[in-house]
Amino acid sequence: MSCEASERIIVALDGMEPEEALFFCRQVEDLRWVKVGLELFVKAGPDVVVQLRDQGHRVFLDLKFHDIPATMAGACRNAAGLGAELITVHACAGSEALKAAQAGAKDGAETTGVAMPTLLAVTVLTSWEAQRLQRELVIEQDITERVSGLAHLAATAGVGGCVCSPLEVATLRAHHQEPFALVTPGIRPKGIALGDQARVMTPKEAIAAGASQLVIGRPITKAEHPSEAFAECCAALAM
Ligand code: C5P
């Protein structure tokens, strides 16, 4: 992956209508990567991935697949065929499902003649807290331990990276060197409102901790001048 700052930042297209999302991406100068999540995908359908690609954008398809192996394989085959280059799966689907997902993605990419995407494993959603994990799912491990265990499971199954909170990046990077991808949301440039993100890092701190790419949404999408906000995030990385 290029080390250029604009390649490191993935803009999350949340809360937008499909046309608005496409228009927004065309307006932001030098924007390379965008994240299509469940909200936009359910409204716009797979076409939005193809349209974004046709506009020259690279797509992180964040649908967090978690199912039986055959279904994971089929979903990843189809996602790869759309040209999504990063695709999320839940690590707790287990090694057999993760391997099937990898194989499905490879098959989809080869059949369509596109590059093999990188699958990213989701470990523990940050909306969980330890006490509730214990009470509701009878999981006794502390969250850091569980995140590390699930990241290890994903890496062993051949998955190319993880999505993690900025505060987990350094620990995971110590065990998983590049090219294992660590993609992190929870990024707030200096002086920007935290909103509902409590545990955040600045773009520069997260990259220094070992993140390969950053997901940034509202600090760019809700900025008065999104192009400038994006450029400032890139500049902060280049400094
Ligand atoms: O607007 P903001 O920069 O907070 O957006 C971050 C994006 O990353 C959103 O799409 C959000 O759903 C996602 N995300 C997150 N925290 C996680 C996992 C995903 O903020 N732990």
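Just so it is clear, none of the values below were taken in a lab; they were calculated from the coordinates. The model shown is predicted, which means the values in this text are computed figures rather than measured ones. For neighbour counting, all protein chains shown are included, and Cβ atoms are generated from backbone atoms with ideal geometry for every residue, glycine included.
Some observations on this one:
- Note, ³J(HN,Hα) from phi for region 123-128, Karplus 6.51, -1.76, 1.60, rounded to Hz, x at Gly and Pro: 9, 10, 4, 6, 6, 7
- Separation in nanometres of the label points that stand 7 Å from Cα toward Cβ, at Ala198 and Gln27: 3.3 nm
- Listed by Cβ neighbour count within 10 Å, with the fewest neighbours leading, Ile220, Ile143 appear as Ile143, Ile220.
- Residue order, fewest to most beta carbons within 10 Å, for Thr126, Thr144: Thr144, Thr126
- Full-extension gain in nm, Thr171 to Ala115, via 0.36 nm per residue minus C-alpha separation: 17.2 nm
- Exposure proxy ranking, count of Cβ atoms within 10 Å, fewest first, for Leu194, Leu31, Leu150: Leu194, Leu150, Leu31
- Each Lys or Arg adds one and each Asp or Glu subtracts one; over the other residues with Cβ under 14 Å from the Cβ of Ala206, this totals +4.
- Simple spin-label estimate for Leu137 and Leu125 in nanometres, 7 Å along Cα-Cβ: 0.9 nm
- Distance between region 29-106 and region 210-239 - C-alpha centres, whole angstrom: 23 Å
- Computed from the C-beta positions of Glu4 and Glu205, the FRET efficiency with R₀ = 22 Å rounds to 0.70.
- Relative contact order (percent, whole number), region 1-123, Cα cutoff 8 Å, 6+ residue spacing: 21 percent
- Global form of region 57-140, assessed from the alpha-carbon gyration tensor, a/c cut-off 1.5: prolate
- Calculated Rg and Dmax of the chain using C-alpha coordinates, Å: 17.1, 48
- Each label point was placed 7 Å from the Cα along the Cα-to-Cβ direction; for Glu96 and Lys222 their separation is 4.4 nm.
- Shape category assigned to region 1-51 from the gyration tensor of Cα positions, a/c cut at 1.5: prolate
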